[in-house]
1. Looking at (1) closer than 30 Å to residue 98 by Cβ; (2) surrounded by 19 or more Cβ atoms within 10 Å (Cβ to Cβ), find the lone condition where residue 309 falls short.
2. Looking at segment 346-376, which of the residues that are part of a loop (DSSP other than H, G, I, E, B) and among the polar types (S, T, N, Q) is modelled with the highest pLDDT?
3. Restricting the search to segment 1-54, which residues are aromatic (Phe, Trp, Tyr), modelled with pLDDT of 75 or more and over 19 Å from residue 85 (Cα atoms)?
4. Which count do you get for residues in segment 93-139 that are in a strand (DSSP E or B), in contact with a helix residue (DSSP H, G or I) (Cβ under 7 Å, 6 or more places away or on another chain) and under 12 Å from residue 371 (Cβ atoms)?
5. Starting from segment 19-46, keep only residues that are among the aromatic types (Phe, Trp, Tyr), then list their pairs with residues that are modelled with pLDDT of 90 or more whose Cβ atoms are within a distance under 7 Å, requiring at least 6 positions of separation or different chains.
6. For residues that are farther than 15 Å from residue 90 by Cα and assigned to a loop (DSSP other than H, G, I, E, B), scanning just segment 38-60, find the one that is nearest to the chain's Cα centre (by Cα).
7. All but one of (1) surrounded by 14 or more Cβ atoms within 10 Å (Cβ to Cβ); (2) of a type in the set (Lys, Arg); (3) more than 20 Å from residue 267 (Cα to Cα) hold for residue 378, so report the exception by its number.
Amino acid sequence: MNVFACTCMLAGTVPSANTVRPIKVQMSVGHWHTLPADSMGPKGEAQFLRKEGFPDGLLVLKAGSAALDGLSFRDGTIEYDFKPLAPDMPGLQFRVSGTEASPEGEEVYERMFGDERASNDGIQYVPLIHGFMPWNAYPQYQNRAPMIDGWNHVRVVVSGRRMKVFINRSTDAVLSVGNLESGSASGAVHLRGPAIFTNLIVTPGEVGGLASEPELDPTARETGIIREWQASSLQSLVKLQTPAYSEMPSEANCWHPVDSERGGLLNLNRQYVASEGPPMIGWLRFNVTAKHAESKLVSLGWIGEVWIFANGTLLTTGKNFYYPEKERREPDGRMAFENGSFKIPLHAGTNEIAIALYASVHDDLRTRTKYGWGLMMRFQDPSGLTFPRSTRVPSTRKVDSHL
């Protein structure tokens, strides 16, 4: 059943819950409210205009975001026209739930910097998770976008866990997402500037035959990906220096089990809530049992700076910060198995692999991360290895509530 509600702010009469009739949304005062500054942008600054040729009005969103009042969206089609006001990333958020300070939902946006027709990141999708905007953890969700200098038409089709985006009346989807990642099933509709928006139409339930179930995980059969981890409570980070293995929490109640998601992503954004505060460091670990002593090549994806220990010995460190640009790992400073590789020496029997992780897009200690927070690891040749859960008792205590 399609869940939505609408009030008299929407053009025409209020439809019943089972209708698929398009809802034309008015761009006028009282039908929208601006949002406070958050990890996605500055405080909303909006102006509503009436102009010949635009019967439903114009929403001039000079900065930040505006939320549509009185409508909750689950599945269906959202389409609108927009004109960018500056080189930036205007877009649409939908199924937004949670609180204004810690939203959950989905976002698709256009990178209007002049290269969107040729660059592979002209349009991007990102989930909103506990107030984080982890754009750097999902490099697979982007594509070129056939934008023009002026008005552009966007049509977004959402069905269950899938989404397709069409630009400027294209018959083929410009962006297809096979698994919407936030977990929010329904919620509000937001627009994000800086841009002028008009002709917003919401058609609940109109999915054009798009399947609702997620696409299969292409890595599901890869046995070398570490999928069962333990994560520690967060620790304060005074300065960026190599943490000692002895600083890793030793108490059992400081640890809790965490499983990797699709693609092997250990998504720590789901473990914490974004907040202001001093930077923190997290510890991760898993056990691997080797039939005999040997070194194994692993691929590692991460954000920020990472320190790898095997059986208590520091093996290697690495940086993958977005700023400065020279510290970006392929692809473009985002998380992927291509970020780095190294060999882990294993002895026969059980080995403990421990990782200290500081996540940020900046190589400094100015703020905690507002973006991707996680890691992924894959043994290139897992033969002779097994990956049991840690033998230590998992924590039953609630983990740190804020990152």
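1. Against the list (1) closer than 30 Å to residue 98 by Cβ; (2) surrounded by 19 or more Cβ atoms within 10 Å (Cβ to Cβ), residue 309 comes up short only on (1).
2. Taking the candidates together, the pick is 360.
3. 32
4. Looking only at that region, the number is 3.
5. From segment 19-46, the pairs are 32/46; 32/59; 32/66; 32/67; 32/68; 32/69.
6. This residue is 53.
7. All conditions pass for residue 378, except number (3).
Residue-wise test of (1) under 30 Å from residue 38 (Cα atoms); (2) among the small types (Gly, Ala, Ser); (3) under 28 Å from the mean Cα position of the chain (by Cα).
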site: 237; (1), (2), (3): yes, no, yes
site: 251; (1), (2), (3): no, no, no
site: 259; (1), (2), (3): yes, no, yes
site: 278; (1), (2), (3): yes, no, yes
site: 282; (1), (2), (3): yes, yes, yes
site: 295; (1), (2), (3): no, yes, no
site: 312; (1), (2), (3): no, yes, no
site: 316; (1), (2), (3): no, no, yes
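The values are calculated or read from the model by the stated rules, or taken from the named source; none is laboratory data. Computed from a predicted structure; not experimentally measured. Backbone-built Cβ (ideal geometry, glycine too); neighbour counts: all protein chains shown.
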